[in-house]
Structures are given as structure tokens and as C-alpha cells.
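Here the structure comes first, spelled out in C-alpha cells, and everything after it is commentary.
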Amino acid sequence: MAKGAFSLRILLFSFGFLFLSCSNHLTGYVNPTKLLEGYHGAIAKQQTYINQLRIWQQNLDSLAAETKAITAELTKRAKEQQLQQYREAIQQKAVAEQQRLDKETLDEINAYLKQYGKEKGYDFILGATEQGNIVYAAEGKDITEEVLTGLNQQYDRQHPTHP
């Protein structure tokens, strides 16, 4: 028997054993994109972020109007430099704020998934993304809607003023 064939048999046996030993585990999957798009907490955070962007843009517009109104060349150059520095600072703040909000949202979702998995007896909850992390999953194993409903109910209980 060739060494390659023997290695292939061992590999197939190992996968078969792994499959059999894992077959008693409860596994489900969620679509992270749907969770992010439908989660009330993510929607509220995104709206807060958009409102902040509007405020920053209004400030930029005011500075730009002030700069345009200045006629003295030396003063105008100084104001343009100030405007450019403010624009760059706002861009950095916007990126940092979006990253903070994204992390906060993902932390909330992951904490809920952990709680949900324990309560429902799941051994694994996988994320099915458009990049193909899961090549196949039985339709009945998609728990996205159930998780999203529970996640939103939890958020709504914690944030009763949310519409």
C-alpha cells in the first residue's frame, strides 16, 4: 500500500470519527448581516452616529462660510488652514466613533448569542456570511430570526424609550 493512500485513509477515518463524535451536538447558524441590519440597538447607534455627523458637518459648513467671507489674504489663509485641520480631526473622530459603535454592537450581539446558546442547549452557533464560511447548512438550522427577535426584545426591555 502506498504511503499516500494510507495517509488518506487515516485522514478520512479521522474526519469520520470527528463527525460521529460531533453528531450529538446541537448546532445552528445565524446570518450576521441580518442581525446587524435588524438589531434595534445597532439601528439606534447608527442614528446617533448620523446625528453626530450632521453636527460636525454643520460646524464645517460654518467654518467654511466664515473662511469664504474673509477678504484679508493673510487671515483667509490662516482660517483655511484651521478649516483643513478641523476637517481632518472630524474625519478621524468619525472613524473612531464608528469603530467604537461597531464594537459595542458586536459585543452586545455576541453576549446575547452566548446567553441564547446556553439557554437553548447549543454546542455551536456559527455565522453564515456572504464570504462562504458555511458552504451548506440545512434550512431548519438557521436561527437568525429567532435570535434577532430575542435580541430586540432584550434591547427594548433595557431601553424602554426606544420607539
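Please go through the stretch 77-111 and pick out each residue that is in contact (Cβ under 8 Å) with a residue 12 or more places away in the chain and either charged (D, E, K, R) or touching an Asp or Glu at 6+ places or on another chain (Cβ under 7 Å) (or both). First the steps, then the outcome.
The initial filter retains those residues of the stretch 77-111 that are in contact (Cβ under 8 Å) with a residue 12 or more places away in the chain, namely 79-80, 82-83, 86-87, 90, 93-94, 97-98, 101, 104-105, 108-109.
The answer is LYS79, GLU80, ARG87, LYS93, GLU97, GLU104, GLU108.
Restricting to the stretch 86-97, give me the number of residues that are open to solvent by less than 40 Å² (accessible area, probe 1.4 Å) and under 23 Å from PRO32 (Cα atoms).
0
Mind listing whichever residues of the stretch 36-51 are free of Cβ contacts under 8 Å to residues at least 40 places away in the same chain and open to solvent by less than 90 Å² (accessible area, probe 1.4 Å)? If you could, list the steps in order and put the result at the bottom.
Looking only at the stretch 36-51, we keep the residues that are free of Cβ contacts under 8 Å to residues at least 40 places away in the same chain, and these are 37, 43, 47, 50-51.
Within the stretch 36-51, ILE43, GLN47, ILE50, ASN51 qualify.
What is the residue count in the stretch 1-25 for residues that are assigned to a loop (DSSP other than H, G, I, E, B) and either open to solvent by less than 90 Å² (accessible area, probe 1.4 Å) or modelled with pLDDT of 90 or more (or both)?
Residues in the stretch 1-25 being assigned to a loop (DSSP other than H, G, I, E, B) and either open to solvent by less than 90 Å² (accessible area, probe 1.4 Å) or modelled with pLDDT of 90 or more (or both): 3 in total.
Looking at the stretch 126-145, I want the residues that are within 18 Å of LEU113 (Cα to Cα) and have a partner that is modelled with pLDDT under 70 with Cβ atoms under 9 Å, at least 6 apart or on another chain. Which pairs are those?
If the second residue must be modelled with pLDDT under 70, the pairs left are LEU126/ASN133; LEU126/ILE134; LEU126/ALA137; GLY127/ASN133; GLY127/ILE134; ALA128/ILE134; ALA128/ALA137.
Taking the stretch 85-127 as the region of interest, how many residues are in contact with a strand residue (DSSP E or B) (Cβ under 9 Å, 6 or more places away or on another chain) and among the acidic types (Asp, Glu)?
Within the stretch 85-127, residues that are in contact with a strand residue (DSSP E or B) (Cβ under 9 Å, 6 or more places away or on another chain) and among the acidic types (Asp, Glu) number 1.
For residues that are open to solvent by 50 Å² or more (accessible area, probe 1.4 Å) and farther than 13 Å from LEU35 by Cα, tally how many sit in the stretch 98-110.
Looking only at that region, the number is 4.
Counting just the residues of the stretch 111-131 that are in a helix (DSSP H, G or I) and open to solvent by 80 Å² or more (accessible area, probe 1.4 Å), which one comes out nearest to TYR39 (Cα to Cα)? Write out each step before concluding.
As a first pass, look at the stretch 111-131 and keep what is in a helix (DSSP H, G or I): 111-120.
Add one more test, that the residue is open to solvent by 80 Å² or more (accessible area, probe 1.4 Å), and what stays is 114, 118-120.
Working: LYS114: 16, LYS118: 20, GLU119: 20, LYS120: 20 Å.
Ranking the candidates gives LYS114 first.
Residue pairs, Cβ under 8 Å, 6 or more apart or interchain, first in the stretch 52-63 and free of Cβ contacts under 8 Å to residues at least 24 places away in the same chain and part of a helix (DSSP H, G or I), second among the polar types (S, T, N, Q) and open to solvent by 60 Å² or more (accessible area, probe 1.4 Å). List them.
As it stands, the answer is LEU63/GLN82, since those pairs meet every condition given.
Among the numbered criteria (1) open to solvent by 50 Å² or more (accessible area, probe 1.4 Å); (2) modelled with pLDDT under 95, which single criterion is violated by GLY28?
Against the list (1) open to solvent by 50 Å² or more (accessible area, probe 1.4 Å); (2) modelled with pLDDT under 95, GLY28 comes up short only on (1).
Output the number of the condition that ALA69 fails; it satisfies all remaining conditions of (1) out of contact with any strand residue (DSSP E or B) (no Cβ under 6 Å at 6 or more places or on another chain); (2) at pLDDT 90 or above.
Failed condition: (2).
The values are calculated or read from the model by the stated rules, or taken from the named source; none is laboratory data. Just so it is clear, the structure is predicted and the values come from calculations on it, not from any experiment. Note: ideal-geometry Cβ built from the backbone for every residue, glycine included; neighbour counts use all protein chains shown. Heavy atoms of the whole protein, side chains included, go into the accessibility calculation; ligands, DNA and RNA do not. Shrake-Rupley method; radii C 1.70, N 1.55, O 1.52, S 1.80 Å.
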